[in-house]
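These notes are about the structure you will find just below.
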Amino acid sequence: MRISAITKVCLSVVLLAVGLCSVGTAKTQNNNIVLQCDSFRYEVSPEGKNIALIDKASGKNYAKTGGKVEQAYCAYVKKGDKVFVPSSVAFDNDVLRYTFKGINCVARVNVVSEKGRILFKVIDVTGQPDEFAFLNVPLTLEAKPYEPFAACALSLNLHTHVYQLPALNTELWAACYKRFGFANAKAAMVGVPQKAILPTIRDIMTQAAPDVPFSDQGGAWALQSKEGFGSYLINSGTLCDETVDEWIDLLKQFGFTQIDNHGTREIKHGAWRIPKKNEAHKPYFFLFGSFEMDPVRFPNGWKDYKKVVDKLHKQGISSLLHTYTMFISIESKYVQPIPHPDLDIISSFTLASAIDEKATEMIVKESTADVSTEQGWTIVGNRTIRIGDEIIEFTGVTKEAPYKFTGCTRGFQGTRAAAHNANASVGWLKTYWSGMYVPRPDSKLFDEIAAKTAEIVEDCGFDGVYFDAIEGVQHMWGKENYWYYGDKFIFEVMKRLKKPIGVEYAGMVHHWWHYRNRYQAWDMGHRGYKRFMDIHIASMKANEEYQHGCWMGHWPEILKYGSMKDGGLYLPLQLGWWGFIANSWPKYENMY
């Protein structure tokens with residue numbers, strides 16, 4: 001067997017024990033494959049079953065055997081809902097070759113051993129499966145800092161999916177998909193003494209992950225970054241050159257060191273309200289998506305706001321940009337007066353007959369049975385369609401032929417009503433967050449919004465970004481793709497920044513950990529404040545919060561996870577947003 005020149009630590013196949021082994025190989029029986037580095041040894045049977053993952057310091061085996069069939073194997077592929085496990089696994093010249101039962105599929109993966117980790121890189125996959133899980137090692141670890149051994153899988157590029165969050169895992173799993181491409185999917189299997197886990201991840205992200213935009217302000221560096229330990233007041237637009245001194249005095253009185261600059265549609269006691277049609281100008285801060293600022297209060301746009309940020313910095317106060325990720329305000333230039341061609345749609349239809357600019361009903365050729373007329377904060381598709389450069393609001397649809405959109409308001413949201421010919425394309429617009437639009441994820445507009453975000457951070461000197469609303473991505477392009485399209489946007493922003501900054505999100509997936517400099521900024525509680533605090537604190541350790549505020553828990557879990565120590569994410573933790581409530585609305589309890 002040839003040992004690759006780039007292999008830094010022993011990586012080997014263990015043959016039948018005949019006394020002829022490569023340097024550093026472990027002696028085993030049954031022709032098992034052993035992959036190893038300086039800190040751990042991973043053993044797989046020729047049939048692809050996980051045998052052991054052994055901490056070399058203690059000799060303890062942390063591989064968890066048994067369970068579901070697919071959990072017993074080092075890899076598997078999926079076609080639709082069917083799972084196929086290996087019939088054989090072979091290793092030669094630094095390449096693992098998997099042959100799968102019941103499907104005409106062969107996969108090859110390049111393997112390289114380095115200090116504290118083994119790197120896996122997919123070469124090719126034949127047979128057209130939908131998914132290839134090329135790491136699949138359940139562990140007996142609890143993924144807590146009190147354990148002597150730490151293990152995790154790290155995704156090393158955009159199209160490699162790792163479900164669990166760093167830095168500590170209970171299973172080592174990584175997969176790639178036909179829809180995003182199999183070739184060059186890459187992940188690191190990490191196993192080191194607990195005290196070495198963060199330094200090892202820092203080394204990997206610095207040396208072995210060129211396709212992941214680098215940051216030394218979050219993730220494995222988060223506990224060293226001062227920005228993650230500050231507290232902020234939220235500015236919804238009342239902070240400007242005329243009020244900045246008043247804000248600075250307030251911050252110093254209460255010991256706050258940061259301001260979170262939250263975009264709004266309209267300023268009204270710090271809250272949002274959508275202006276009514278034909279209303280006079282109402283003050284706002286900036287619009288999501290296009291980042292346009294109130295021209296009355298900020299006539300020079302973000303240049304005016306940079307003066308505010310500079311004054312804050314002189315007083316030692318940080319400033320954070322709070323945006324709705326790629327979501328687009330309805331008042332944005334991307335919506336009115338001419339909607340951008342890259343606004344995403346749920347489905348498309350064909351106009352059956354011509355309509356003039358006053359028509360309130362329109363017939364389409366395709367069925368409208370699946371079109372919803374619901375409206376709300378978290379409703380996808382809030383009753384708007386697009387024909388050409390016109391957005392139209394509808395109030396009803398017919399579920400049987402002739403298929404109609406009815407109760408139509410023409411020239412909606414600042415667009416212009418127009419006549420449209422038969423066979424014109426009709427798009428049911430994709431919306432969320434009470435009607436905000438979103439770009440197609442493979443479009444120039446998607447990249448443009450990311451680029452504009454980075455540009456404003458750079459030009460204004462913001463110290464961090466809060467990517468709010470990012471959990472809505474799972475409703476835009478499928479929960480199964482949440483990790484990919486969320487990552488794609490974050491990568492597009494981060495690779496454009498000249499200097500890394502700290503980041504927060506209203507959600508959490510694997511890659512976001514590397515940029516996140518603090519965790520758990522839940523929305524404020526409205527009632528049951530002690531219970532809310534118990535749940536919040538417990539969720540910090542449960543490692544299940546992929547959308548902020550969604551983990552409800554129950555008392556056994558709360559008691560198990562409630563202690564603030566022993567969190568496996570190694571991120572500064574926070575208690576989220578708080579505000580004083582003194583009204584009598586039935587859904588709220590007073591808080592003085």
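The values are calculated or read from the model by the stated rules, or taken from the named source; none is laboratory data. Because the structure is predicted, anything quoted here is derived from the model rather than measured. FYI the Cβ positions are ideal-geometry reconstructions off the backbone, even for glycines, and counts take in every protein chain you see. Calculation scope for accessible area: heavy atoms of the full protein, side chains included, ligands and nucleic acids excluded. Shrake-Rupley method; radii C 1.70, N 1.55, O 1.52, S 1.80 Å.
Seen against the Cα atoms of the chain and their longest principal axis, helix 244-254 is set at about 50 degrees.
In this structure, the residue pairs whose Cα-Cα separation is over 32 Å, taken from Lys115/Lys495; Lys82/Lys488; Lys60/Lys186; Lys186/Lys530, are Lys186/Lys530. Solvent-accessible surface (1.4 Å probe) assigned to Glu589 amounts to roughly 70 Å².
Rounded to the nearest 10 degrees, the inclination of helix 302-314 to the longest alpha-carbon principal axis of the chain is 60 degrees. How far is helix 529-542 tilted off the main Cα axis of the chain, in degrees rounded to 10, range 0 to 90? Helix 529-542 sits at roughly 40 degrees to that axis. Rolling a 1.4 Å probe over the protein heavy atoms leaves Phe214 with an accessible area of roughly 100 Å².
In a reduced charge model with +1 at each Lys and Arg Cβ and -1 at each Asp and Glu Cβ, the chain shows a dipole moment near 1120 debye about its Cα centre. Of all DSSP beta bridges confined to the chain, the antiparallel ones make up roughly 80%.
Find, among the GluC sites (Glu not before Pro) in the range 385-428, those assigned to loop by DSSP (not H, G, I, E, B) with at most 15 other beta-carbon atoms within 10 angstrom.
Passing both the DSSP loop test and the Cβ count: Glu400.
Can you tell me the relative contact order of the chain? Whole percent, Cα pairs under 8 Å, sequence separation 6 or more.
10 percent
A viscosity of 0.692 mPa s and a temperature of 37 °C, combined with the Kirkwood radius over C-alpha pairs in the Stokes-Einstein formula, give the chain a diffusion coefficient of 123 µm²/s.
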